[in-house]
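Below is one structure; the comments refer to it alone.
The values are calculated or read from the model by the stated rules, or taken from the named source; none is laboratory data. Being a predicted model, the structure only gives us computed values, none of them experimental. Because the Cβ atoms are built from the backbone with ideal geometry, glycine has one as well, and the counts that use them run over all protein chains shown. Quick note on the areas: whole protein, heavy atoms, side chains included, nothing else; ligands and nucleic acids left out. Shrake-Rupley method; radii C 1.70, N 1.55, O 1.52, S 1.80 Å.
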Amino acid sequence: MKKTDSIYIAGHKGLVGSSVLKVLKKNEFNNLITVDRKRLDLRNSKKVQEFFKNKKIDYMVMAAAKAGGIIANSTNQKDFFLENIEIQNSLLNLALKKKIKRTIYLGTSCIYPKFAKTPIQEDSLLTGKLEKTNQCYAIAKIAGIKFSETLYEDHKLDIIGLMPTNVYGLNDNFDKVNGHVIPAMITKFVEAKKKQLKQIKLLGTGKPIREFIHSDDLAEAIVKCLNTPNYKIRNKFKSKFPLINVGTGEFISILNLSKLVAKYVNFKGKILFNKNFPDGTFKKNLNSSKIYNLGWRPKIKLKDGLKEVINLRLN
Ligand SMILES: NC(=O)c1ccc[n+]([C@@H]2O[C@H](COP(=O)([O-])OP(=O)(O)OC[C@H]3O[C@@H](n4cnc5c(N)ncnc54)[C@H](OP(=O)(O)O)[C@@H]3O)[C@@H](O)[C@H]2O)c1
């Protein structure tokens, strides 16, 4: 991969996409292509093809998606299904049409069965029932994996499927209702602190265990994959579609996470849990040995990443 190669980052304004943009610039890749959603709605495959008709794309990172936390997912399954299917179909068709040298397809750890043995390995895909609260999102993402797999194995199109664990970072969606667990929790604690509340109520039992990755670490993994020579990937994966988990190995219960957030926000009130609310999968942490074998390691410890994000929200 050359520093002058053109790289299209779809979803460059999102949590992951903005970190990818930052890490690519830091690594002196300066031929970066970005397009705002207002100018190009990625759900419309025809318009996507037209838009890029005379433009050169060497590499593509698919960081555009409809993403969200447990409430957004469970109450809006139709849109999570349809929008993700449409966006990924547009982009994978674009990769095929323009013979893009390598595409990074981003999935999620939600694709794995609810009761998959942990740490979850890539080969547990489609071995059991999915978690109900986000099954439409998961099925859309699995469809993208299967589409990528056939493009890779039957059409010799170079795609890598990365399955990140829960992501957090500076450019997250901090909406209390629609955000993922970390940003939603931070907003609740920051508000409770500002209002000097004596207690805070969080959703679920607090018992589920989750693994988290900072978006800058994930972006480093994406750039590592963009930059790894094709023959190396083909050898390691015996010419099968490379489906690769990206996790940190650092996991924590939601209760302990809430105690950490309370500490960094300096919230001294009581933490209560609404046990009537669904927890989702009980334990979700990944076996990430494949990406470690490619030479990537996470650098940001959860405590440091949380402090950074919380400080930004407090100021
Ligand atoms: N966040 C997580 O915890 C997590 C965990 C595992 C996997 N992932 C995966 O990582 C990828 C990136 O997620 P993220 O958390 O970065 O999501 P995000 O913050 O919501 O960003 C998504 C990006 O996609 C763009 N987008 C959405 N619909 C679009 C459309 N119709 N046309 C054009 N652009 C559109 C958004 O544009 P606007 O900025 O204009 O809204 C935004 O820039 C997704 O594939 C997601 O499934 C995320």
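Among the residues of the range 140-182, those identified as free of Cβ contacts under 8 Å to residues at least 60 places away in the same chain and either open to solvent by 30 Å² or more (accessible area, probe 1.4 Å) or within 11 Å of the ligand (Cβ to nearest atom) (or both) are Lys141, Ala143, Lys146, Phe147, Thr150, Asp154, His155, Lys156, Asp175, Lys176.
The residues in the range 293-315 that are buried (at least 16 other Cβ atoms within 10 Å of the Cβ) and over 21 Å from Val190 (Cα atoms) can be counted, and the count is 4. Scanning the range 1-14 for residues that are within 16 Å of Ile87 (Cβ to Cβ), part of a loop (DSSP other than H, G, I, E, B) and more than 9 Å from the ligand (Cβ to nearest atom) yields nothing.
Residues that are assigned to a loop (DSSP other than H, G, I, E, B) and open to solvent by 30 Å² or more (accessible area, probe 1.4 Å) were ranked within the range 15-29; the one that is nearest to the ligand (Cβ to nearest atom) is Asn27.
Only one entry in Leu257, Leu203 is open to solvent by 20 Å² or more (accessible area, probe 1.4 Å), in contact with a helix residue (DSSP H, G or I) (Cβ under 8 Å, 6 or more places away or on another chain) and under 25 Å from Asn76 (Cβ atoms), namely Leu203.
Look at the range 249-262: where a residue is within 26 Å of Ser289 (Cα to Cα) and a partner is buried (at least 16 other Cβ atoms within 10 Å of the Cβ), sitting 6+ places away or on another chain with Cβ atoms under 6 Å, you get Glu250/Leu302; Phe251/Ile209; Phe251/Glu211; Phe251/Asn285; Ser253/Ile209; Ile254/Gly206; Ile254/Pro208.
If the condition is being among the β-branched types (Val, Ile, Thr) and over 27 Å from the mean Cα position of the chain (by Cα), then the range 260-276 contributes only Ile271. Of all residues in the range 122-135, those that are touching a residue at least 24 places away in the same chain (Cβ under 8 Å), within 20 Å of Glu153 (Cβ to Cβ) and open to solvent by 20 Å² or more (accessible area, probe 1.4 Å) total 1. Remark: Phe251 matches the filter, which requires a residue to be within 15 Å of the ligand (Cβ to nearest atom), in contact with a strand residue (DSSP E or B) (Cβ under 8 Å, 6 or more places away or on another chain), open to solvent by 50 Å² or more (accessible area, probe 1.4 Å) and closer than 20 Å to Pro298 by Cα. Among the residues of the range 64-98, the ones that are touching a residue at least 60 places away in the same chain (Cβ under 8 Å), within 14 Å of Gly179 (Cα to Cα) and more than 13 Å from the ligand (Cβ to nearest atom) come to 2 in all.
Quick one: how many residues across the range 248-278 are assigned to a loop (DSSP other than H, G, I, E, B), polar (S, T, N, Q) and farther than 30 Å from Ala221 by Cα? Selection size over the range 248-278: 2. Inspection of the range 279-289 identifies at least one residue that is part of a helix (DSSP H, G or I) and closer than 23 Å to Ala219 by Cα. Any residue at all in the range 225-234 that's within 16 Å of the ligand (Cβ to nearest atom), touching a residue at least 12 places away in the same chain (Cβ under 8 Å) and assigned to a helix (DSSP H, G or I)? Yes, there is a match, as at least one residue in the range 225-234 is within 16 Å of the ligand (Cβ to nearest atom), touching a residue at least 12 places away in the same chain (Cβ under 8 Å) and assigned to a helix (DSSP H, G or I).
Among residues of the range 267-287 that are surrounded by fewer than 17 Cβ atoms within 10 Å (Cβ to Cβ), those with a beta-carbon under 7 Å from a residue that is part of a loop (DSSP other than H, G, I, E, B) and among the basic types (Lys, Arg) at least six positions away or on a different chain give the pairs Gly269/Lys198; Lys270/Lys198. Return a yes/no flag: does the range 171-189 have any residue that is in a loop (DSSP other than H, G, I, E, B) and small (Gly, Ala, Ser). The answer is yes, given that some residue of the range 171-189 is in a loop (DSSP other than H, G, I, E, B) and small (Gly, Ala, Ser).
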